[in-house]
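This report concerns only the one structure given below.
Bear in mind these aren't lab numbers, they're just calculated from the coordinates by the rules spelled out. None of these values were measured; they are calculated from a predicted model. As a convention, Cβ positions derive from the backbone with ideal geometry for all residues, glycine included, and neighbour counts pool all protein chains shown.
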Amino acid sequence: MFINLIEIYETLKKEYTIPEGWWPGENQFEIMLGALLTQNTNWNNVVKSLENIKNKNLLYPEKLYVLDIEELQKLIKPSGFFKVKAKYVKNLLEWFKKYDFSFEKLEKIDKITLRNELLSVKGIGKETADSILLYSLNKLSFVIDAYTKRMFSRLGLNIKSDYDAYQKFFEENLPENIMIYKNYHGLIVEHSKNICKKKPLCENCIFKDLCKYNKGA
Ligand code: SF4
């Protein structure tokens, strides 16, 4: 089935009000850290961890880099898997240190190089790497998650159900526009949490007339 990504985007945009750029965070480092901490947990738990870090005035890569790992574990405990995540944060910071903890330096590097480097950091998978690239570093790297695959396969997208195939499909069919990339992923999350859930609410869905799943095809 032919999937018109822009048409779907426009329909989602009319339906949901999201902040421009979608991902919350006061600065690039907060977004980077949040992208890692959100692995296998919900966002409310990440917010609690970030608040703990902010309350101690530690939301700086240089400060977290030198922070004792046990102290870091305590601060990020609300996000779950805190021992392993503390190690992952330290791994990420070790990598970031090569660039003197400078976002300006990171932004000057091309996306492919950065992505490969991030993926070589233990604890950073494709979804986390792309979230960091897109939302923290403003690189055109479309984020794929389980929601994206579920929603689009139901709509009728007939491609291999793996991360790379989905990402290729989005990146080949969307204009190179950072805000569209950022908002689109956010809108997919909104729609998947509210309507196209595990048990979908098709009767209330803006796509019910075109969706393959709803039409029983
Ligand atoms: S019609 Fe149903 S299955 Fe299709 S996108 Fe909407 S909620 Fe999901």
Quiz item: Are there any pairs with C-beta distances below 7 angstrom linking a residue in the range 13-30 that is on the phi < 0 side of the Ramachandran plot to a residue that is assigned to a helix (DSSP H, G or I) and of a type in the set (G, A, S), with the two at least 6 apart or on different chains, and if so which?
Solution: I18/G186; Q28/S136
Practice problem: Output the residue which, of all residues in the range 31-58 that are surrounded by 19 or more Cβ atoms within 10 Å (Cβ to Cβ), within 16 Å of F96 (Cβ to Cβ) and free of Cβ contacts under 8 Å to residues at least 40 places away in the same chain, is farthest from the chain's Cα centre (by Cα). | Solution: I53
Practice problem: Could you look through the range 192-209, keep only residues that are in a loop (DSSP other than H, G, I, E, B) and among the charged types (D, E, K, R), and pick out the one that is nearest to the ligand (Cβ to nearest atom)? | Solution: K208
Self-check item: Within the range 147-171, tally of residues that are within 14 Å of the ligand (Cβ to nearest atom) and of a type in the set (V, I, T)
Solution: 1
Exercise. For the range 88-105, enumerate the residues that are buried (at least 18 other Cβ atoms within 10 Å of the Cβ) and not hydrophobic (A, V, I, L, M, F, W, C).
Key: Y88
Quiz item: Which residues, counting only those in the range 170-183, are touching a residue at least 40 places away in the same chain (Cβ under 8 Å) and in a helix (DSSP H, G or I)?
Solution: F170, N173, I178, M179, I180, Y181, K182, N183
Quiz item: Does K108 satisfy being touching a Phe, Trp or Tyr at 6+ places or on another chain (Cβ under 7 Å) and either free of Cβ contacts under 8 Å to residues at least 40 places away in the same chain or surrounded by fewer than 16 Cβ atoms within 10 Å (Cβ to Cβ) (or both)?
Solution: no
Quiz prompt | Hits in the range 59-86 (condition: within 19 Å of V121 (Cα to Cα), in contact with a helix residue (DSSP H, G or I) (Cβ under 8 Å, 6 or more places away or on another chain) and in contact (Cβ under 8 Å) with a residue 40 or more places away in the chain) | solution = P61, K85
Self-check item: Selection status of H185, crowded, with 19+ Cβ neighbours inside 10 Å, near the ligand (Cβ under 10 Å from one of its atoms) and under 25 Å from G21 (Cβ atoms)
Solution: no
Self-check item: Candidate set from the range 133-165 (those that are surrounded by 17 or more Cβ atoms within 10 Å (Cβ to Cβ) and free of Cβ contacts under 8 Å to residues at least 24 places away in the same chain); member that is nearest to the chain's Cα centre (by Cα)
Solution: L133
